[in-house]
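The values are calculated or read from the model by the stated rules, or taken from the named source; none is laboratory data. In this text the structure is predicted, and so the values were computed from the model without any measurement. Positions of Cβ are backbone-derived with ideal geometry, glycine not excepted, and every protein chain shown enters the neighbour counts.
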Amino acid sequence: MQHQPILAAIDLGSNSFRLQVARVEGEQLYMLDGLREHVRLAAGLTPEKYLDAEAQQRALTALSHFAERLRGLPREAVRVVGTNSLRVAKNAADFIPQAEHVLGFPIEVIAGVEEARLIYLGVAHGLPQSSDNRLVMDIGGGSTEFIIGNGLTPLNLKSLYMGCVSFSNIFFPGGDITKQRLKQAELAARAELQTISTDFSSQNWDVALGSSGSARVLCDILEQNGISERGITRDGLEWLRNELLRAGNVQNLAGLPGLKIERLPVLAGGFSIMYAAFCELGIERMQPALGALREGVLYDLWGRFHHNDMREVTVQQFMRRYHVDMAQAERVSQLALFFAREFLGEDAGESALQLLEWAAKLHEIGISVAHGGYHKHGAYILANADMPGFSKREQAALSLLALAQRGNLEKLGQVSLTAEDAACILSLRLAVLFCRSRSNSRLPVLRGKFSGTKFHILLDAAWLEENPLSKSALQDERKPWKNRGFSLQIVAE
């Protein structure tokens, strides 16, 4: 990738949308500018998990503001990630194209574990070097992430389906706080936390850190009311719990030192989750962290420009985990890239070629499950495994390529293939076909052409006659494409 002097990250959170712009200076990022919009996306999720029209409009309005700030930045310098609300919304697939049109940049919906990894990356870069194991807790609007890490390396990552917006809506409708509602919220949070309590209890880490809005507002309240000198404490939370019960409604806490007015609607939900975490994980003190998800996205994006792409690390890890034949993977990936460049020419997108290369390197991971139908096993793994660095959309693209690498194309169902999709799929299929011998055997001089819906493969006639198996396979390759509205012509020269 070409070096970019300015990078930008957008966190489409379930409570707030946040934009961070940074300047790249050597090995450092310097934060230049930030914007925040209180969209409260999670508040617009219906009981059936659909984003309502009002929440969608709030989101689009916020994105239009961000679009003005990002005007002029190249696509590769901006990364936009969506979190829990976009993960669970059943109509996200309809909303995201509208959002991308308004913003002018693609939106990646990331998995909870990937969100946790990026949060830790953002927090860790804002901390001094230390040999301590750190617990990082990030209460979002719809999910809460827990990470134990050391230095810049996350060691354990979890994402739980509870957040300050969702808990406030469920347990404190209208902002009313009663002893029974507070207890129900705390018990619900503790039930979620019990699934991770063994691995995340206090004996597994040395320092606890809280990132994002809920942790910071709780810290501000306790410090500015003289309850805690630094950070969130167990005693401080007990004091605030009594204050919440005495207030009876969050609106009665308006004016409390340290509490910003925009945090009132989600205070009770965020407090319940934090209080439960202190109780269940044995936390006595939590310090506020400067970094969060958007900073982590920036550092991850910066790494992609400096040959430190987490996605490449993940691909290499998967190749080892699933005992991939490295030599065969390299043969297939290089030939697939050759064909893709032949077909697409100057229209070959860098991101599409990169995904094709990774898919080719991973195309045989399903063999570790079973050789029969290994492409289907591989496609399932790529679609559903935790793959650090990859968005859900990227994983879906890898899965599609793995599934389509052999056999008929009817198994793709109603998936609509763009010209770029078709070219990449055919490139992988041809690479697998020509590398069937699993050796560095001589290949003919190959050329490819593509004009919208018509593929042409030009190769040596003598080689075809010497290799009847390959000739037959190439002839058979025409039928699947005809059924998908494409033509494939094999031209012997």
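Remarks
- Restricting the range 181-232 to residues that are touching a Cys at 6+ places or on another chain (Cβ under 8 Å) and of a type outside the set (Gly, Ala, Ser), the residue that is surrounded by the most Cβ atoms within 10 Å (Cβ to Cβ): 232
- Every listed requirement among (1) in a helix (DSSP H, G or I); (2) farther than 17 Å from residue 343 by Cα is met by residue 420 save one, (2).
- Any chance residue 107 is buried (at least 18 other Cβ atoms within 10 Å of the Cβ), β-branched (Val, Ile, Thr) and either closer than 22 Å to residue 209 by Cβ or touching a residue at least 40 places away in the same chain (Cβ under 8 Å) (or both): yes
- Yes/no for residue 360 being more than 22 Å from residue 114 (Cβ to Cβ), hydrophobic (A, V, I, L, M, F, W, C) and assigned to a loop (DSSP other than H, G, I, E, B): no
- Hits in the range 462-474 (condition: closer than 11 Å to residue 491 by Cβ and either basic (Lys, Arg) or touching an Asp or Glu at 6+ places or on another chain (Cβ under 6 Å) (or both)): none
- Residue count for the range 15-61, restricted to those that are in a helix (DSSP H, G or I), more than 21 Å from the chain's Cα centre (by Cα) and buried (at least 16 other Cβ atoms within 10 Å of the Cβ): 4
- Residue match in the range 6-16 (condition: modelled with pLDDT of 90 or more, under 15 Å from residue 83 (Cα atoms) and acidic (Asp, Glu)): yes
- Only residues that are in a helix (DSSP H, G or I) and in contact (Cβ under 8 Å) with a residue 24 or more places away in the chain were counted in the range 70-96, giving 11.
- Restricting 269, 296, 303 to residues that are crowded, with 21+ Cβ neighbours inside 10 Å, at pLDDT below 95 and either assigned to a helix (DSSP H, G or I) or out of contact with any helix residue (DSSP H, G or I) (no Cβ under 8 Å at 6 or more places or on another chain) (or both) narrows the list to 296.
- Looking across 218, 209, one residue alone is in contact with a strand residue (DSSP E or B) (Cβ under 9 Å, 6 or more places away or on another chain), among the hydrophobic types (A, V, I, L, M, F, W, C) and in a helix (DSSP H, G or I). It is 218.
- Residue, nearest to the chain's Cα centre (by Cα), within the range 147-167, restricted to residues that are farther than 19 Å from residue 202 by Cα and surrounded by fewer than 21 Cβ atoms within 10 Å (Cβ to Cβ): 161
- Among residues of the range 306-348 being outside any helix (DSSP H, G or I) and at positive phi, the one that is surrounded by the most Cβ atoms within 10 Å (Cβ to Cβ) is 323.
- Complete set of residues in the range 173-204 that are of a type outside the set (A, V, I, L, M) and outside any helix (DSSP H, G or I): 176, 178, 194, 195, 201
- Meets criteria (surrounded by 14 or more Cβ atoms within 10 Å (Cβ to Cβ) and either within 17 Å of residue 142 (Cα to Cα) or in contact with a helix residue (DSSP H, G or I) (Cβ under 9 Å, 6 or more places away or on another chain) (or both)) for residue 12: yes
- In a residue-by-residue description of the range 436-443, the property of being surrounded by 18 or more Cβ atoms within 10 Å (Cβ to Cβ), of a type in the set (A, V, I, L, M, F, W, C) and either under 35 Å from the mean Cα position of the chain (by Cα) or farther than 30 Å from residue 118 by Cβ (or both) applies to no position.
- Tally of residues being touching an Asp or Glu at 6+ places or on another chain (Cβ under 6 Å), under 10 Å from residue 298 (Cα atoms) and not hydrophobic (A, V, I, L, M, F, W, C) across the range 11-34: 0
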